[in-house]
Amino acid sequence: MKLTRTALIFTLITANLTMANAITPEVAQVAAPRGVDRANLDTTVSPKDDFYEYACGGWMKNNPLPAEFARFGTFDQLRDNNRTQVRDLIAGLDSKNAVPGSVAQKIGDLYAMGLDSLRLNIQGSQPVMGDVVAINQVALPDVLTFITKHPGLSAFFDLEVEADMMQSDLNAIYLTQGSLGMGDRDYYLEDTDRARSVRDAYMTYLRTLAALVGYSAEGQARLAENVLAIETELARAAMSREELRDPAASYNPMTADELVSSYPALDLSAYFSALGLKNVDRVIVGQPKVLAAVDSIISNTSEQAVHDYLTAMYLDAAADYLSDDFVAAKFGLTRAITGVEQPMPRWKRSLEVPNALLGEAVGELYVEKYFPASSKTKMLELVGNLRKALALHINDLTWMSDTTKARAIEKLDAFTVKIGYPDKWRDYTGLDIDPRQSYWDNIKRAVRYERDHNLSQWGKPVDRDRWYMTPQTVNAYYNPTTNEICFPAGILQPPYFNPDADPAENYGAIGVVIGHEMTHGFDDQGSQFDKDGNFANWWTDADKKAFTDLTDRLAAQFDNIVVLGDTHANGRLTLGENIADQGGLRVAYTAYRLSLGDSDGEVIDGFTPDQRFYLAYANVWAGNIRDEEILNRTKTDPHSLGRWRVNGTLRNLAPFFSAFSIKDGDKMYLSPSERVIIW
């Protein structure tokens, strides 16, 4: 189930679920212990040798990896705790007696339908059979318009309405490369043991989907081969994840006439009309090679092959919301990619649906019951302090001219700050959730409602009050086209934020989160957008070169990290997040030291303020992870693995060395000539 979302929003972590999660203020309001939780430490390891293991080894030992997780860390633990709280919130809605059409009825019924395993298993493939038959009757010239009429069927490419990068106050249509069944193009293109293993699992999954809707053994094999062939062609045309990080490369505006001449087999005018987009005269094409590949597929591939591809994409979208046989089939592929041992319990999977498709409705209930106003007040104070600290850092830069510094300060001053929850809530009045119909039918209707809401923004001014995360989300983001930083209520809880905690811990945790999102406005991508959110150069040539030289060095530094076996980290893919991690740490540290005034701060339980600051930072990335997931995230995640967000970043920071008396010869030490400091 793909929901519309801009690709340029930079988050603290990668959201690997459709659900947005949070933890409750009941937990947040428990007084935090003063000082370091020694249970998190592994004191058999020296902080001079492996700071991550020293700071987090105790937590990792005490929190073994659950079978349902590919990675389980403090972030995941916080999210998982929240699932229980949000479940209780939804369970208390009494949807059976709620007013029909009310938010309580919609949320409650959608959740209850996901829980009804007996009904889902009795229905089996019945909810999808009508659409499967229709897919196999569509003529090739009508494929695109057919897709628009079948919510949940995401194939060939994606369409989204988002802010025009060159005119950030106006919404435009973007056509971009779509998702692939294995999740990453390299699984189709690489000739490695790992890629072949994932491909084998994918072929098994495709054959199983076909079998579940009645295909013969011959038909199952044919469908799998046709799907792999078409998706491989799409993968060859697709940009790599590193290439997608270049905003300019994905900004290719074309007129309606240019679309027709460039892609003659694609009746895009009919496609737009079927979506309710009339008189489209300009579209921004993200990856022209992908549209060219789709044009070639429609022109040169057999009707049967296209039918098989569409059938597989449709069944893949529906699988999680059908009987246990479909869920088990999809989990087999997930296990091959991530190493996870068992699916999440049904209630957790069911909870994802209303929390995604009725996200702000759930969020409104959440903040009303759980979010304390005091947290927002404290956060505003922290954001203000971090903003002042970042301004100091900008003004102190030795590699940047005064001209560019002035523009950077203008951009910093123009940041919009969003904390907790939106001032105006989404209206879900037009969405009908009917428990008399199948679970999948209701999800399709909700997906259509979300899609139509997005499309309705075309040609309109950008709504700068819009939130790109729900309030209950445990995450944060920076959006360059609105130049905003956002901290939903969900993340404003321990271990990230507690108004009663030791200031060193708050600055080392939520302070770094704030600094991280601020720095995204000045990372290798965010730095290409001006204070108004337009894709525009505000740098002098010399300053841009100096910045690029530094970022190249940081990318190379992370490239040298070995994550598993002979697999290295991808410093180019993770560059933006590594810049933000470093900037967040440096700026938060400065803000913390400024908050102490003339005081050196107190030693608590044997740890200095600086030591507690860095330990708090490390603890938010404590976690265990499977080998398969290490390899998967190294290939797909723009964030470094938790271990390297700590060790890889801290090795550049002189105050960290001072805090733990790290010297030349210690494993954590990095010589000054090798360190990279950007912001």
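Just checking, does the stretch 553-564 include any residue being touching an Asp or Glu at 6+ places or on another chain (Cβ under 6 Å) and either closer than 22 Å to S401 by Cα or not hydrophobic (A, V, I, L, M, F, W, C) (or both)? The answer is no, given that none of the residues of the stretch 553-564 is touching an Asp or Glu at 6+ places or on another chain (Cβ under 6 Å) and either closer than 22 Å to S401 by Cα or not hydrophobic (A, V, I, L, M, F, W, C) (or both).
Contact map, the stretch 293-309: first residue in a loop (DSSP other than H, G, I, E, B), second residue surrounded by fewer than 17 Cβ atoms within 10 Å (Cβ to Cβ) and of a type outside the set (G, A, S), Cβ cut-off under 6 Å, separation 6 or more or different chains; the map is empty. Which of the residues that make up the stretch 541-552 are surrounded by 15 or more Cβ atoms within 10 Å (Cβ to Cβ) and in contact (Cβ under 8 Å) with a residue 40 or more places away in the chain? Matches in the stretch 541-552: D543, A546, F547, L550, T551. A residue that is outside the structural domain of R199 (by TED's automatic domain parsing) and among the aromatic types (F, W, Y) can be found somewhere in the stretch 322-341. Within the stretch 105-143, being aliphatic (A, V, I, L, M) and in a loop (DSSP other than H, G, I, E, B) holds for V138, A139.
The single residue among L89, L65, L93 that is closer than 18 Å to L358 by Cα, hydrophobic (A, V, I, L, M, F, W, C) and not in a helix (DSSP H, G or I) turns out to be L93. Can you tell me which residues in the stretch 264-291 are surrounded by 16 or more Cβ atoms within 10 Å (Cβ to Cβ) and acidic (D, E)? The answer is D267, and nothing else.
Examine the stretch 418-426 for a residue that is surrounded by 24 or more Cβ atoms within 10 Å (Cβ to Cβ) and touching a Pro at 6+ places or on another chain (Cβ under 6 Å), and state whether such a residue exists. No; the residues of the stretch 418-426 include none that is surrounded by 24 or more Cβ atoms within 10 Å (Cβ to Cβ) and touching a Pro at 6+ places or on another chain (Cβ under 6 Å).
Filtered by the rule that a residue be aromatic (F, W, Y) and either more than 19 Å from the chain's Cα centre (by Cα) or assigned to a loop (DSSP other than H, G, I, E, B) (or both), the stretch 474-531 gives Y496, F497, Y507, F522, F529.
So which of A104, A7, A39, A67 ends up being at pLDDT below 85 and not β-branched (V, I, T)? The conditions single out A7.
With respect to the conditions (1) without any contact (Cβ under 8 Å) to a residue 12 or more places away in the chain; (2) in contact with a His (Cβ under 9 Å, 6 or more places away or on another chain); (3) small (G, A, S), A588 lacks only one, and its number is (1).
Condition test on K289, is it over 29 Å from R119 (Cβ atoms), out of contact with any Lys or Arg (no Cβ under 6 Å at 6 or more places or on another chain) and among the basic types (K, R)?
Details: over 29 Å from R119 (Cβ atoms): yes; out of contact with any Lys or Arg (no Cβ under 6 Å at 6 or more places or on another chain): yes; among the basic types (K, R): yes.
Here the answer is yes, as K289 does meet what is asked.
Of the residues making up the stretch 602-625, those that are among the acidic types (D, E) and within 23 Å of G642 (Cα to Cα) number 1. Among the residues of the stretch 417-444, those that are outside the structural domain of G384 (by TED's automatic domain parsing) and not in a loop (DSSP other than H, G, I, E, B) comprise Y439, W440, D441, N442, I443, K444. Contact annotation: residue pairs with Cβ atoms under 7 Å, 6 or more positions apart or on different chains, pairing a residue in the stretch 67-95 that is among the small types (G, A, S) with a partner that is assigned to a loop (DSSP other than H, G, I, E, B) and modelled with pLDDT of 90 or more, are A67/E341; A67/Q342; A70/G339; A70/V340; A70/R626; G73/W621; G73/A622. The residues on offer are D523, D502, and the sole one that is touching a helix residue (DSSP H, G or I) at 6+ places or on another chain (Cβ under 9 Å), in contact (Cβ under 8 Å) with a residue 60 or more places away in the chain and surrounded by fewer than 24 Cβ atoms within 10 Å (Cβ to Cβ) is D502. Just wondering, is there one or more residues in the stretch 595-605 that are closer than 18 Å to A569 by Cα, touching a residue at least 40 places away in the same chain (Cβ under 8 Å) and among the polar types (S, T, N, Q)? No, because not a single residue in the stretch 595-605 is closer than 18 Å to A569 by Cα, touching a residue at least 40 places away in the same chain (Cβ under 8 Å) and among the polar types (S, T, N, Q). For the stretch 650-679, filtering for residues that are among the aromatic types (F, W, Y) and either under 28 Å from the mean Cα position of the chain (by Cα) or at pLDDT below 95 (or both) leaves 1. Going residue by residue through the stretch 385-403, is there one that turns out to be hydroxyl-bearing (S, T, Y) and either surrounded by 20 or more Cβ atoms within 10 Å (Cβ to Cβ) or under 30 Å from V128 (Cα atoms) (or both)? No, because not a single residue in the stretch 385-403 is hydroxyl-bearing (S, T, Y) and either surrounded by 20 or more Cβ atoms within 10 Å (Cβ to Cβ) or under 30 Å from V128 (Cα atoms) (or both). Of all residues in the stretch 568-583, those that are assigned by TED's automatic domain parsing to the domain that holds A556 have Cβ atoms under 6 Å from Cβ atoms of residues that are aliphatic (A, V, I, L, M) and assigned to a loop (DSSP other than H, G, I, E, B), 6 or more apart or on another chain, in A569/I561; I579/I678. Could you check, for the stretch 454-468, whether at least one of its residues is surrounded by 23 or more Cβ atoms within 10 Å (Cβ to Cβ), touching a residue at least 24 places away in the same chain (Cβ under 8 Å) and of a type in the set (A, V, I, L, M)? No, every residue in the stretch 454-468 fails to be surrounded by 23 or more Cβ atoms within 10 Å (Cβ to Cβ), touching a residue at least 24 places away in the same chain (Cβ under 8 Å) and of a type in the set (A, V, I, L, M).
Of everything in the stretch 394-439, what is in contact with a strand residue (DSSP E or B) (Cβ under 8 Å, 6 or more places away or on another chain) and at negative phi? Give them in sequence order.
Those that are in contact with a strand residue (DSSP E or B) (Cβ under 8 Å, 6 or more places away or on another chain) and at negative phi: F415, T416, V417, K418, I419, Y421.
Listed by position, the helices (runs of 4 or more DSSP H) contained in the stretch 532-641 that have at least 3 residues being over 25 Å from E53 (Cβ atoms) are 541-559, 575-595.
The values are calculated or read from the model by the stated rules, or taken from the named source; none is laboratory data. In this text, all values refer to a predicted model and were calculated from it rather than measured experimentally. Neighbour counts run over all protein chains shown; Cβ positions are idealised from the backbone, glycine included.
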